[in-house]
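Participant: Let me begin by handing over the structure; questions about it come next.
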Amino acid sequence: MQYKRILLKLSGEALMGDRQYGIDPKRLEEYAKEIKEVVEKGIQVAIVIGGGNIFRGVAGASNGMDRVQGDHMGMLATCINGLALQSALEDQDVHTRLQTALEIKEVAEPYIKRKAIRHLEKGRVVIFGAGTGNPYFTTDTAAVLRAIEINADAILKGTRVDGVYNADPEKDKNAVKFDSISFKDVITKGLKVMDMTAFTLSEENKLPIIIFDMNKVGNLMKLVSGEKIGTVVDVL
Ligand code: GTP
């Protein structure tokens, strides 16, 4: 296996499936099955999930809502997704713990790094909810932060596209995908992998980012097994 401990970043929007908002139970079940397979291979899996399927913080701000208020709503949205994912994983008999950056003790454990690591060592999937617990930070930043804290080997960012391209593949059919690229080249070429806060945090801590298509069944397993899937962003 290529990795021992991974931080999987899932987008909230991906949970919508074909819906306009909310959670598609079929998509959730598919994700849970993919994650179960990887856990059964002995890989330690931590997850950060976005909340965009329920609430978009930045969009809220642009509609005149206070940014901090909007970001708090977004954080709670990630907790809703975390609870849903936890249920879906438990339906697949995967042991899980949900830890949140904002204390909502009746609902989930508070985030405690050492406990998170113990859970992972025991083979439990740990889902981190409520982002970093701070406004003005994205769930990508939360994913990088948690990945560094728990010493993950890499951050696996599941997206709709299957990697990083030299142009937007949804607009330009001549766009070419990179199999690997350095942090520096991402910046000099003006490519977008994550927001800059998340990206530089990853670079400074030499945490590789792998961008891949999580909606293609089997991709997650292939990736952790060492197959060349998606794009690896690394120090190189
Ligand atoms: P180990 O002692 O390492 O085996 O971990 P554990 O998670 O099994 O022990 P613990 O007694 O901490 O947790 C038992 C159950 O209670 C688990 O399902 C936890 O997720 C849950 N739990 C623990 N702390 C909290 C909390 O603060 N809030 C909520 N809602 N649940 C919690």
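Participant: Between the DSSP loop rule and a limit of at most 16 other Cβ atoms within 10 Å, which GluC sites (Glu not before Pro) in the stretch 29-132 are left?
Facilitator: Hits after loop and neighbour filter: E103, E106.
Participant: What net charge is computed for the residues neighbouring A167, neighbours being all others with C-beta under 14 Å from the C-beta of A167, Lys and Arg scored +1, Asp and Glu -1? Display every interim value, and only then the final one.
Facilitator: On the way: positive: K171, K173, K177, K189, K192; negative: D168, E170, D172.
Result for the neighbourhood of A167: +2.
Participant: I need the shape label for the stretch 1-58. Rule: rounded when a/c is under 1.5, else prolate if a/b > b/c, else oblate, with a, b, c from the alpha carbon gyration tensor. Before the final figure, lay out each step's value.
Facilitator: On the way: a/c = 4.10, a/b = 1.80, b/c = 2.28.
Note, shape of the stretch 1-58 comes out oblate.
Participant: Next question. In whole angstrom, how long is each semi-axis of the equivalent ellipsoid of the stretch 5-234, when you take the square root of 5 times every eigenvalue of its Cα gyration tensor and sort them from largest down? Intermediate results must be reported in sequence, preceding the final value.
Facilitator: Details: eigenvalues 119, 94, 64 Å².
For the stretch 5-234, the semi-axes come out at 24, 22, 18 Å.
Participant: What's the longest uninterrupted piece of the chain once you rule out the trypsin sites (Lys or Arg not before Pro) that are loop residues per DSSP with at most 16 other Cβ within 10 Å? Spell out each step's value before the answer.
Facilitator: Working: sites that count: K4, R19, K41, K105, K122, R160, K171, K173, K189, K192, K206, K216, K228.
With trypsin sites (Lys or Arg not before Pro) excluded where exposed in loops, the chain gives 42-104 as its longest stretch.
Participant: State which stretch of the chain is the longest one without any exposed chymotrypsin sites (Phe, Trp or Tyr not before Pro), exposure meaning a DSSP loop state and at most 13 other Cβ atoms within 10 Å.
Facilitator: Numbers: sites that count: Y21, Y136.
Longest run free of exposed loop sites: 22-135.
Participant: With runs of 4+ DSSP H residues as the only contributors, calculate the mean residue ellipticity of the chain at 222 nm using -39,500 (n - 2.57) per run, divided by the residue total and rounded to the nearest 500.
Facilitator: Dividing the helical sum by the residues of the chain leaves -11500 deg cm²/dmol.
Participant: Can you tell me, using C-alpha contacts under 8 Å and at least 6 residues apart, the relative contact order of the stretch 103-186 as a whole percent?
Facilitator: Working: 47 pairs, mean separation 11.8, N = 84.
Computed value for the stretch 103-186: 14 percent relative contact order.
Participant: Can you run phi through the Karplus equation (6.51, -1.76, 1.60; θ = phi - 60°) for the stretch 83-91 and list ³J(HN,Hα) in whole Hz, with x for Gly and Pro?
Facilitator: Using θ = phi - 60°, the values come out as 5, 5, 5, 4, 4, 5, 5, 5, 4 Hz.
Participant: Let me ask something else about it. Let me know the shape class of the stretch 173-229, please: from the alpha-carbon gyration tensor, a ≥ b ≥ c as square roots of the eigenvalues, rounded when a/c is under 1.5, otherwise prolate if a/b is greater than b/c, or oblate.
Facilitator: oblate
Participant: Next question, about the same structure. Please compute the net charge surrounding K157, taking Lys and Arg as +1 and Asp and Glu as -1 over other residues with Cβ under 9 Å from its Cβ.
Facilitator: On the way: positive: K9; negative: D140.
Net charge around K157: 0.
Participant: Next question, about the same structure. Only Cα pairs under 8 Å and at least 6 apart count here; give the relative contact order of the chain as a rounded whole percent.
Facilitator: Details: 485 pairs, mean separation 53.0, N = 236.
So the answer I get is 22 percent.
Participant: Also, quick follow-up: State in Å² the accessible area per residue of the chain; use a 1.4 Å probe, count heavy atoms of protein chains only, and round to the nearest integer. Don't skip to the end; give the middle numbers.
Facilitator: Numbers: 11810 Å² over 236 residues.
The answer is 50 Å² per residue.
Participant: Follow-up. Past 29 Å, Cα to Cα, is the threshold; run K9/K122; K105/K216; K26/K222; K33/K228 against it and keep the listed order.
Facilitator: Numbers: K9/K122 21 Å; K105/K216 35 Å; K26/K222 21 Å; K33/K228 21 Å.
From K9/K122; K105/K216; K26/K222; K33/K228, over 29 Å: K105/K216.
The values are calculated or read from the model by the stated rules, or taken from the named source; none is laboratory data. Model, not experiment: these values are computed from the prediction. Cβ sites come from the backbone with ideal geometry, for glycine too, and all protein chains shown count toward neighbours. Keep in mind that these areas ignore ligands, DNA and RNA; they rest on the heavy atoms of the full protein, side chains included. Shrake-Rupley method; radii C 1.70, N 1.55, O 1.52, S 1.80 Å.
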